[in-house]
Amino acid sequence: MRPVSTFFRSARAILAAVLLAAALLTGGPGGAAAAGYRIAVMEATPPFSYRAPDGRLTGFNVEIMRALCRVMDATCTFVELPFQAVLDAVAEERCDVGLANFLRTPDREARVDFSAPYWRSSSSFIGPMRDAAVPGPEAVRGRSVAVIRTTRQHAYMERMAGDVDQLVTVASLEDLWRTLTAGEAEFALVPTLAGLDFLLTHDGRAFSTIGTPLAGDGLGGTVHLVVPKGRRSLLNALNGAITTIRADGSYQEIGRRYFPFDVY
């Protein structure tokens, strides 16, 4: 017959093994495995999502999403895509969340569900400094304007097509700035915060915002994350996490790294 102490040592070892196996299966002592999500973000779109000189993915949208994942205790993997591909990736459930500075529109709402807002957008024309004081729609009349395809800015300029000399459409923000600095378009219409970021660069020193920011006609409003239709539990988790990072100061701390004012 084994001594009592040996019996208890063996029992403790068996119990520890059982608990370790349970932890591995459930994701830890909390009981539920950590969720894993694929997050679609726009590629090369400073200050929202871009590669730092060391190759690390960063930007306002990326850091906000990392903070949300931390609150949700989720493992998040980022996928960089052109703006036009982000909505498709989420609608087709190849990605779980999309961050591409989406404003609500009926067409988009038919394909994906929208989170609570996490910042507020407007749009601005960027062009030659000599036109800075002229209202944007007036300044671009009879001139050429570049926009990113399928954006709200593109839709607005298509409605103005009869007033401009040429509408130049490109695939990305990087292409848009290249088009502007190469003289292939005289103006660009972009989200105001993206425009301000460009103006702080070496290439942007010869340009200015034109007139005042525009928010009407679909050019501004609240910005949202998008998720596939019917993912109610994910949507609720995101909305709760947005509330949390606003309340604990994480949101404001991230915002100050990129903007001189609160963009909420």
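The values are calculated or read from the model by the stated rules, or taken from the named source; none is laboratory data. This structure is a prediction, so every number in the text was calculated from the model and none was measured. Cβ sites come from the backbone with ideal geometry, for glycine too, and all protein chains shown count toward neighbours.
Gly195: buried (at least 18 other Cβ atoms within 10 Å of the Cβ), within 22 Å of Arg141 (Cβ to Cβ) and either free of Cβ contacts under 8 Å to residues at least 40 places away in the same chain or assigned by TED's automatic domain parsing to the domain that holds Arg149 (or both), yes or no?
yes
Would you check if Arg205 is in the same structural domain as Val62 (by TED's automatic domain parsing) and either under 18 Å from the mean Cα position of the chain (by Cα) or loosely packed, with under 15 Cβ neighbours inside 10 Å (or both)?
Judged against the criteria, Arg205 is not a match.
Pairs, please: C-beta under 7 Å, at least 6 apart or cross-chain, first residue over 16 Å from Pro47 (Cα atoms) and in region 89-101, second of a type outside the set (A, V, I, L, M, F, W, C) and surrounded by fewer than 18 Cβ atoms within 10 Å (Cβ to Cβ)?
Matching pairs, first to second residue: Ala91/Arg111; Cys95/Arg38; Asp96/Arg38.
How do the helices (runs of 4 or more DSSP H) wholly within region 187-264 filter down when requiring 3 or more residues that are at pLDDT 95 or above, within 25 Å of Ala132 (Cβ to Cβ) and touching a strand residue (DSSP E or B) at 6+ places or on another chain (Cβ under 7 Å): which remain?
Counting at least 3 such residues, we get 192-199.
This table checks each residue for (1) among the polar types (S, T, N, Q); (2) surrounded by fewer than 16 Cβ atoms within 10 Å (Cβ to Cβ); (3) closer than 25 Å to Tyr264 by Cα.
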{"residue": "Glu80", "(1), (2), (3)": "no, no, yes"}
{"residue": "Glu93", "(1), (2), (3)": "no, yes, no"}
{"residue": "Ser115", "(1), (2), (3)": "yes, no, yes"}
{"residue": "Ser121", "(1), (2), (3)": "yes, no, yes"}
{"residue": "Phe125", "(1), (2), (3)": "no, no, yes"}
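Only one of (1) modelled with pLDDT under 50; (2) outside any loop (DSSP other than H, G, I, E, B); (3) closer than 30 Å to Gly98 by Cβ is not met by Gly30, so which one is it?
(2)
Among the residues of region 158-179, is there at least one that is in contact with a Phe, Trp or Tyr (Cβ under 7 Å, 6 or more places away or on another chain), modelled with pLDDT of 95 or more and crowded, with 19+ Cβ neighbours inside 10 Å?
Among the residues of region 158-179, at least one is in contact with a Phe, Trp or Tyr (Cβ under 7 Å, 6 or more places away or on another chain), modelled with pLDDT of 95 or more and crowded, with 19+ Cβ neighbours inside 10 Å, which makes the answer yes.
Please count how many residues of region 132-164 are out of contact with any Lys or Arg (no Cβ under 9 Å at 6 or more places or on another chain) and in a loop (DSSP other than H, G, I, E, B).
Adding up the residues that qualify gives 11.
Please state which one of Leu180, Leu167 is outside any strand (DSSP E or B), in contact (Cβ under 8 Å) with a residue 12 or more places away in the chain and more than 19 Å from Gly216 (Cβ to Cβ).
Step by step, each of Leu180, Leu167 is checked, and only Leu180 is outside any strand (DSSP E or B), in contact (Cβ under 8 Å) with a residue 12 or more places away in the chain and more than 19 Å from Gly216 (Cβ to Cβ).
Out of Glu158, Glu138, which single residue is outside the structural domain of Glu253 (by TED's automatic domain parsing), free of Cβ contacts under 8 Å to residues at least 12 places away in the same chain and more than 18 Å from Val223 (Cβ to Cβ)?
Glu158
Taking the stated definitions as given, is Val227 in contact with a helix residue (DSSP H, G or I) (Cβ under 9 Å, 6 or more places away or on another chain), assigned by TED's automatic domain parsing to the domain that holds Ala100, of a type in the set (A, V, I, L, M) and touching a residue at least 40 places away in the same chain (Cβ under 8 Å)?
Taking the combined requirement at face value, the residue satisfies it.
Give me the residue from region 39-70 that is of a type in the set (Ser, Thr, Tyr) and in contact (Cβ under 8 Å) with a residue 24 or more places away in the chain and, out of that set, surrounded by the fewest Cβ atoms within 10 Å (Cβ to Cβ).
Thr45
Is it true that some residue in region 117-133 is outside the structural domain of Val226 (by TED's automatic domain parsing), over 24 Å from Arg56 (Cα atoms), touching a residue at least 60 places away in the same chain (Cβ under 8 Å) and of a type in the set (Asp, Glu)?
Taking every residue of region 117-133 in turn, at least one turns out to be outside the structural domain of Val226 (by TED's automatic domain parsing), over 24 Å from Arg56 (Cα atoms), touching a residue at least 60 places away in the same chain (Cβ under 8 Å) and of a type in the set (Asp, Glu).
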